[in-house]
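The values are calculated or read from the model by the stated rules, or taken from the named source; none is laboratory data. Bear in mind the structure is a predicted one, so any value in this text is a computation, not a measurement. FYI the Cβ positions are ideal-geometry reconstructions off the backbone, even for glycines, and counts take in every protein chain you see. These area figures cover heavy atoms from the full protein model, side chains too; ligands, DNA and RNA do not enter into them. Shrake-Rupley method; radii C 1.70, N 1.55, O 1.52, S 1.80 Å.
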Amino acid sequence: SLENRPINVIAQVRLHYFLGLALLLMTAPLQAQESNGASTYTINTGDHVQVTVFEEPDLSVSAILDDTGAISYPLLGELQVRGLTARELETEITEGLRGRFLITPRVNVSIKEYRPYFVRGEVSSPGSFPFKPGLTVEKAVSMAGGFTSRASKSKFYIVSDDSADGEEGSRRSANLSSRIRPGDVVHIEQSFF
């Protein structure tokens, strides 16, 4: 019995290693999708942007983007940020500070809080709601108090405000599992019996 014990421990270690490796391989595509979504997300009116310059607290800024699409940034003045990704804004600030003000600025830009999304039509409590990554139409309807008795359970559409110039974006049909982005308007249509 004692002779078999080291073999059992080695077998358990191998099993844990392979299970951990399998779990890592299964979650890697999800993490890639999430990071890809975050890297292509464009900043727009209503987003709360956090700019951090490491070891330079006077150059770190937290701002909510207004209708002008710009933020006031120390040393660089007004920066037009609507339509940029966080990475593009990082690059713009880094290049603006490099040489003239700092030798090697280390800048990080993140979205502290996304602009809200909206639910209208046949829901109990239409209105605006704080956006959280991973939202679907089904979750948005739940946040809005659920369907009314007259709501269609299959006819909805989403209007996205993904336009950089402030114009209304595209309208697309949706289902319960459709993803919602910040600023989207989810419209639940009425059912015709």
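Share of antiparallel DSSP beta bridges in the range 50-193, in percent to the nearest 5?
Working: 24 of 29 bridges.
Just about 85 percent of them are antiparallel.
Among 62-73, 41-52, 106-117, sorting by the average number of other beta carbon atoms lying within 10 angstrom of each residue, highest first, gives 41-52, 106-117, 62-73. Annotation: per residue accessible area for the range 51-182 equals 57 Å², rounded to a whole number [probe 1.4 Å, protein chains only].
Cross-link reach is defined here as a Cα-Cα straight distance under 19 Å, omitting same-chain residues fewer than 8 places apart; for LYS155 the lysines meeting it are LYS139.
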